[in-house]
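Single-structure report; data block below.
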Amino acid sequence: MGYIDPHIHMISRTTDDYERLALAGCVALTEPAFWAGFDRSSAQGFYDYFRCLTEFEPKRASQYGIDHYTWLCINPKEADDLGLAREVLQIIPEFLSSPNVLGIGEIGLNKNTKNELLIFEEHLELASKHNQPILVHTPHLEDKKKGTRLILDAIQAHNIPPHRVLIDHVEEHTVEMVLEKGFWAGMTLYPETKCTPQRAVDILEMYGKERLCMNSAGDWGPSDPLAVPKAILEMRRRGHSKMDIQKVTLQNPLAFLGQSPHFQTEKILEESAE
Ligand SMILES: [Zn+2]
């Protein structure tokens with residue numbers, strides 16, 4: 001049975017990683033726009049990045065039978081420069097019709113600054129205007145709980161229905177408020193720091209499997225593109241049923257991502273059954 005990785009930054013991974021993902025059963029993945037490991041000097045840098053996400057990565061993924069989708073934005077780390085951020089916001093709409101674009105993301109907060117919040121809200125307006133689902137990053141560096149609360153309040157103030165939003169990087173102290181308000185929640189798994197596969201399975205056991213997903217991040221830092229299969233192994237080891245594993249790693253991502261008309265739910269269901 002196949003699985004979906006709803007948050008993995010393939011631009012920072014090798015082609016061998018696509019092969020490893022395919023061998024581990026990954027049938028589809030979604031790649032949110034993020035910080036590239038360095039600050040880009042102009043909006044043109046983002047234009048080329050969006051071309052990579054909408055043209056190059058889907059081709060690289062398809063060589064391994066993996067469906068590649070993406071989310072577009074200027075990430076919170078670079079959004080602190082208001083001038084640059086607004087230039088990037090202007091170029092996003094022309095990419096929204098690309099067949100693999102699912103919505104706006106990963107937007108959110110990094111250090112919880114005023115400018116980050118301002119640009120976060122401008123992304124919410126863009127998403128509303130174009131009726132796009134949203135993928136949200138919650139901060140690691142500063143107070144995650146405070147940052148998550150600021151994010152949820154801003155989304156509600158913009159009257160965006162919570163089922164259209166997935167809040168990522170949830171941990172033990174933030175998952176409850178995200179689920180309680182009707183949002184989807186994503187656990188971003190890392191080998192040692194932040195949420196490990198073991199901690200993610202603890203969270204599933206505490207909060208249930210409704211509206212919860214798992215992803216591997218697979219970014220520039222120490223991270224593991226096979227973190228989701230490792231969490232699946234941990235679930236098996238603890239005696240979770242095949243149905244429960246499928247719910248978290250396939251059915252839940254399908255239900256959230258399927259809200260975008262670009263997401264080919266039927267095709268992915270067929271591929272995952274092979
Ligand atoms: Zn990310």
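In loop segments of segment 179-215 as defined by DSSP, the trypsin sites (Lys or Arg not before Pro) with at most 15 further C-beta atoms inside 10 Å of their C-beta are 181. Listed from fewest to most Cβ neighbours within 10 Å, the set 174, 138 follows the order 174, 138. Within a straight-line Cα-Cα reach of under 18 Å, residue 111 can be paired with the following aspartates and glutamates, leaving aside sequence neighbours fewer than 8 residues apart in one chain: 39, 78, 80, 81, 121, 122, 142, 143, 153, 168, 171.
Alpha carbon centre of segment 5-26 versus segment 163-242: separation in Å? So the separation of the two Cα centres works out to 18 Å.
Length available on full extension from residue 202 to residue 270: 0.36 nm per residue minus the Cα-Cα distance, which gives 21.4 nm.
For the chain, the relative contact order works out to 21 percent when only alpha carbon pairs closer than 8 Å and six or more residues apart are counted. The coefficient of translational diffusion for segment 1-156, derived via Stokes-Einstein from the alpha carbon Kirkwood radius under 37 °C and 0.692 mPa s, stands at 206 µm²/s. Among 7, 173, 123, a tally of other beta-carbon atoms within 10 Å of each Cβ gives an order, fewest to most, of 173, 123, 7. Label-to-label distance for residue 194 and residue 48 is 2.6 nm, based on points extended 7 Å past Cα in the beta-carbon direction.
Only helices reaching 20 angstrom along their own axis (Cα) with mean Kyte-Doolittle hydropathy no lower than -0.5 count here, and for the DSSP H runs of the chain these are 114-129.
Translational diffusion of the chain, estimated by Stokes-Einstein from the Kirkwood radius over alpha carbon pairs at 10 °C in a medium of 1.306 mPa s, is 87 µm² per second.
Identify the residues of segment 115-133 with backbone N under 16 Å of a label point that sits 7 angstrom from the Cα of residue 177 along the Cα-to-Cβ direction, or state none. Under 16 Å, as judged by backbone N against the label point of residue 177, lie 117 of segment 115-133.
Each peptide among 233-239, 80-86 gets the average number of other Cβ atoms lying within 10 Å of its residues, and from highest to lowest they stand as 80-86, 233-239. State log₁₀ I(q)/I(0) for segment 137-216 at q = 0.17, 0.18, 0.25 Å⁻¹ as given by the Debye formula over alpha-carbon point scatterers of equal weight, solvent excluded. Relative scattering, expressed as log10 I(q)/I(0), comes to -0.61, -0.68, -1.25. The overall shape of segment 149-274, judged from the alpha-carbon gyration tensor, is oblate: a/c is not under 1.5, and a/b is no greater than b/c.
Here residue 238 and residue 64 are evaluated by their C-beta separation; at R0 = 45 Å the FRET efficiency comes out at 0.90.
Counted by neighbouring Cβ atoms within 10 Å, the residues 52, 195 run from fewest to most as 52, 195.
Only the coordinates and a few stated rules stand behind these numbers; no lab work does. Remember, predicted model here, so these are calculated numbers, not experimental data. All Cβ positions, even for glycine, are placed from backbone atoms using ideal geometry, and neighbour counts span all protein chains on display.
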